[in-house]
Amino acid sequence: MKRVLALFTAVMAVVFSAKAEVEFAYEAGAELVSAYIWRGMNNGGLSIQPEGLVGFDALDEAIQFRAGIWGSFGATDWKFEKNQPVLFEDYNPNTYFMPEIDFIASLSAYGASIGFNEYYYCDDGESHQSEIWFGYNFDYFFGQSAYFNWYTVVAGADMNIDPSIVFPAPERRAYSTYIELGYDYTFEDWGLTLGAQIGMSPWQSQMMYYNDKFAVVNLSLKADKEFDLGVCTLNIWATGSLNPDGMNTDKDHPGYNVFVNAAGDDKLYMQKLNGAIGLGVWF
């Protein structure tokens, strides 16, 4: 975190020492999604997901800063149960999905980015995760819409537990990490963007990505059609995701990594194959 703050301070010093023109910027809007898909995983059903960001642009948008709030509020939040026993206070394993509010900040300069995400889940235990990330978008210098992002959880509910030890098992911080490589291609005349992503978890992550060693946990495709309405932008999109690591669960993974296949509501949680469609309005 100290290194992130140091880099942010250095960039700010460059911007203002050069007396660059700094412009206020904001992003606001919301999406209605058929399912809340996060890094290939199903985190909820029909949801409204508003976002509001403020910040600045400098040096003809070569440097950008954004900070704000993103949320997800679903029709299926709080409704699904797994019929699991409550083992201790402030922990309810029977809740599948819950409202989520994220506090986010990012700084980008000439294609390179750093950021911070605070994931807050509106459950009784007030669980949360704090994540830092960095990445690079090759479009700025190379004209190719390929990108690389690295995300690591540094605080909050992110532990690995030894399943061989009887409860209460000892916990250790997992530093759950997600690495994403992606490529987007835009058909300018049609306002259509096609994207592909591959997501990997490089080491054991029981609570976040459900893997016990390096694993490819997300293969995704997305199509996004944009309409410029003048006062706002409307976009319609569809995405599909496959978890290759989940396909090998029965033969390669320990007992804690079980992808639910039961009938009824269980089939919505931790599926190997997920998809969603969405409608967004942005100002």
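The values are calculated or read from the model by the stated rules, or taken from the named source; none is laboratory data. Note that the structure is predicted; figures quoted are calculated from it, not measured. FYI the Cβ positions are ideal-geometry reconstructions off the backbone, even for glycines, and counts take in every protein chain you see.
Table for the structure above
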{"quantity": "Boolean, residue 228 is touching a residue at least 24 places away in the same chain (Cβ under 8 Å) and among the acidic types (Asp, Glu)", "calculated": "yes"}
{"quantity": "The one condition in (1) exposed (fewer than 13 other Cβ atoms within 10 Å of the Cβ); (2) within 16 Å of the chain's Cα centre (by Cα) that residue 153 fails to fulfil", "calculated": "(1)"}
{"quantity": "Single match in 67, 62 (criterion: more than 18 Å from residue 234 (Cα to Cα) and at pLDDT 95 or above)", "calculated": "67"}
{"quantity": "Test set (1) touching a helix residue (DSSP H, G or I) at 6+ places or on another chain (Cβ under 8 Å); (2) at pLDDT below 70; (3) farther than 23 Å from residue 161 by Cβ - residue 258 fails condition number", "calculated": "(3)"}
{"quantity": "Exclusive hit being among the aromatic types (Phe, Trp, Tyr) and modelled with pLDDT under 85, set 140, 151", "calculated": "140"}
{"quantity": "Count of the range 16-63 residues which are polar (S, T, N, Q) and buried (at least 17 other Cβ atoms within 10 Å of the Cβ)", "calculated": "4"}
{"quantity": "Of all residues in the range 105-150 being of a type in the set (S, T, N, Q) and assigned to a loop (DSSP other than H, G, I, E, B), the one that is surrounded by the fewest Cβ atoms within 10 Å (Cβ to Cβ)", "calculated": "144"}
{"quantity": "So residue 160, is it among the polar types (S, T, N, Q), at pLDDT 90 or above, part of a strand (DSSP E or B) and surrounded by 14 or more Cβ atoms within 10 Å (Cβ to Cβ)", "calculated": "no"}
